[in-house]
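Working notes, beginning with the structure itself.
Laboratory data are not the source of any read-out in this text; all were calculated from the coordinates shown. Remember, predicted model here, so these are calculated numbers, not experimental data. Backbone-built Cβ (ideal geometry, glycine too); neighbour counts: all protein chains shown.
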Amino acid sequence: MKFFNSVIALNFLLFLFNSSSAQNTCCNSTTTAPEVASGLYGTAVMINSNTPGLALNINASSDLPNVEFLITKKGTAAMFNDGSGPDTTGGGGDVIIGGDEDGIFKPSDLSRYGISLADNDTFELTAIGYDLAVMQNLTDSLLNGYALNGSSLDPCCNLFYFMAIGLGQPSVAGFCDSVNNAGIFNGSDVNNIEKVLDIIDAFSTGQASVESMVYTMEVINTNGGSISVDCGGTASANFVSYGMNKSSRYGYVINDPVPVQQLSDVSLFAIFPNPTSNNVNINFTTKKQVQLNINIYNTLGQSIYNIELGNVDGDFSTLLPLDNFSSGIYSVELTDGHNSTIEKLLVR
């Protein structure tokens, strides 16, 4: 039955990106990936000013109508969501902290998984070519389509419930809800590489890297022949065109006149219990009177909780209720607006 064929095929949603070749493409022998010239910009770029833009060294072939850039933070490994260590999918790689359509952006705007840039950090751009229309159709079909299951039709989203049971990954069952929470309700909401990354994050077991993205594209195409047409497939393998060269990257070094540094006026910053499924205590001590805020970010780098503590002097403790927090990893930031310190929180 097509419904269960789709369940098997959609195992690709639990894997992320790997390839041994430099030029990674699909789906024609003539497909050419876009590439930037590898190198490093000669002078540091201001964190709050636009980057100068970046020309391609190699243009994409016509079957890759959309060319954008993945942006990674050099030397910062993509991590497993449970905090157990670097995600080695595809050989492991630097974490993706953003995407951009033309390579012109403010470095200060880059943030995913609670990771951003500071003075002297290096970020790199990798070109990616793909077919946005295919990704939009796949997204819309999965979120809003129905697949034949015997004599009845079932929502394509039900596929993820079967996958969660079969693979022992309970979080997978909430794939559609997670994508909706990222502001994606149909194919038209996927309009750039940032939104494609949101979809990947909704079912991944780790933070995205260029290496893991290559692997995911390969798995999607390997299983394409089994993906039901009702749920966005074409009944044939190699239906998602893409191309990138994970070895060709162009880098910039950050110059931040007011760098974000460790919050030196605060010590003994602790979160407990951690992991937890109930309320969590946040404790710290200040060396002098400091005006502080607490920000909490999800794995997409989105701020989901904020509280102004006002002026704090000495020992401080507060109880954070987790009633509205779903299972996952969060970044808890304590900041005075310029400097900050961050701890990871695992909610079960």
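The table for this structure:
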| read-out | value |
| --- | --- |
| Cysteines without a disulfide-compatible partner [the chain; Cβ-Cβ under 4.7 Å] | none |
| On Cα atoms only, tilt of 210-222 relative to the major axis of the chain in degrees | 30 |
| Globularity ratio of the range 266-347, using Cα Rg and 2.2 N^0.38 Å | 1.04 |
| Cα-based Rg and Dmax for the range 2-255, where Dmax is the largest Cα-Cα distance (Å) | 18.1, 65 |
| The range 131-237: radius of gyration and largest Cα-Cα distance (Dmax), Å | 13.4, 42 |
| The range 283-348: GluC sites (Glu not before Pro) falling in loop per DSSP and having at most 12 other Cβ within 10 Å | none |
| Three-way shape call for the range 219-334 based on the alpha-carbon gyration tensor, with the a/c threshold at 1.5 | oblate |
| Label-reachable residues, the range 68-105, where backbone N falls under 14 Å from a point 7 Å from N120's Cα toward its Cβ | none |
| By average C-beta atoms within 10 angstrom, highest first, the peptides 319-326, 99-106, 30-37, 46-53 | 30-37, 99-106, 46-53, 319-326 |
| Mean Cβ neighbour count within 10 Å, used as a protection proxy, ranking 233-244, 77-88 highest first | 233-244, 77-88 |
| Charge dipole (debye, nearest 20) of the range 224-348; +1 at Cβ of Lys and Arg, -1 at Cβ of Asp and Glu | 460 |
